[in-house]
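Novice: I have a structure here, written as structure tokens, and I will follow up with some questions on it.
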Amino acid sequence: MKKIILGAITSGLTTLSFAQNPLSVHVLNLETGLPSQNIAVVLEAQQGSQWVKLNELKTDVDGRISDLYPKDTSLQKGVYKVTFKTGEWFKTQNTRSFFPEVPVVFIIDGSVDHYHIPLLLSPYGYSTYRGS
């Protein structure tokens, strides 16, 4: 019985923390196994055939941006793009890389309250997925 209650409390806390902002990202450097701090990340929304910039922030010391969606704005369904400015970041690390940026296009369909986009990064490759 205690496990069920604890699980419900933990689940509720997680939901509350994400209720503040519906979109987060996280970047990890596969070469070092460490978070990638100070990567510029741009959020855009597709409107017709054009992309409209909504926000731009940099990852924190843990490689995260927990509030990428514009503050005080309700979550809108649609097609979005998050662009990680990896080339600029690799230059600051004195590391050559193949990808100057990593664009991730995704759909916000309203089926969940929070969308999370992790990026696993190396100089010559990357991987991303729908996180939680």
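Bear in mind that the values in this text are calculations on the coordinates, not laboratory data. A quick note: this is a predicted structure, and the numbers were derived from the prediction, not measured. Note that each Cβ is placed from the backbone with ideal geometry, even for glycine, and that neighbours are counted across all protein chains shown.
Novice: Residue by residue, what Karplus-based ³J(HN,Hα) values in Hz, rounded to whole numbers, does segment 90-103 have, using 6.51, -1.76 and 1.60 with θ = phi - 60° and x for Gly and Pro?
Specialist: My calculation for segment 90-103 gives 4, 4, 5, 8, 6, 10, 6, 8, 8, 9, x, 7, 10, x Hz in order.
Novice: Report the local net charge at PRO118: Lys and Arg +1, Asp and Glu -1, summed over other residues whose C-beta lies under 14 Å from its C-beta.
Specialist: Working: positive: ARG64, ARG130; negative: ASP62.
Net of charged neighbours comes to +1.
Novice: Please arrange THR59, THR73 by how many other C-beta atoms lie within 10 Å of their C-beta, fewest to most.
Specialist: Numbers: THR59 21, THR73 11.
Least to most surrounded, the residues fall as THR73, THR59.
Novice: For the peptides 89-101, 36-48, what is the packing order when you average, over each peptide's residues, the other Cβ atoms within 10 Å and list the highest mean first?
Specialist: Details: 89-101: 13.6, 36-48: 17.3.
Highest to lowest by the protection proxy: 36-48, 89-101.
Novice: Contour minus end-to-end for GLN50 and LYS91, with contour as 0.36 nm per residue of separation and end-to-end as the Cα-Cα distance? Walk me through the numbers before you get to the answer.
Specialist: Numbers: separation 41, 0.36 × 41 = 14.76 nm, distance 2.92 nm.
Full extension of this stretch gives 11.8 nm more.
Novice: Can you work out ³J(HN,Hα) from phi for every residue in segment 122-130, in order, using Karplus 6.51 cos²θ - 1.76 cosθ + 1.60 and θ = phi - 60°, giving whole Hz and x for Gly and Pro?
Specialist: Using θ = phi - 60°, the values come out as 9, x, 10, x, 7, 9, 9, 7, 7 Hz.
Novice: Then there is this: Quick one: how many lysine pairs does the chain have with C-alpha atoms less than 17 Å apart and a gap of 8 or more or different chains? Give me the count, please.
Specialist: Values: LYS53/LYS71; LYS53/LYS77; LYS53/LYS81; LYS53/LYS85; LYS58/LYS71; LYS58/LYS81; LYS58/LYS85; LYS58/LYS91.
Final tally of qualifying lysine pairs is 8.
Novice: Further, regarding this structure: I need to check one value: relative contact order of the chain, counting alpha carbon pairs closer than 8 Å and at least 6 residues apart, in percent.
Specialist: It comes to 27 percent, rounded to a whole number.
Novice: Another question about this same structure. How would the chain be classified by its alpha-carbon gyration tensor: rounded, prolate or oblate, with rounded meaning a/c under 1.5 and the a/b versus b/c comparison settling the rest?
Specialist: Details: a/c = 2.29, a/b = 1.33, b/c = 1.73.
In terms of gyration-tensor shape, oblate.
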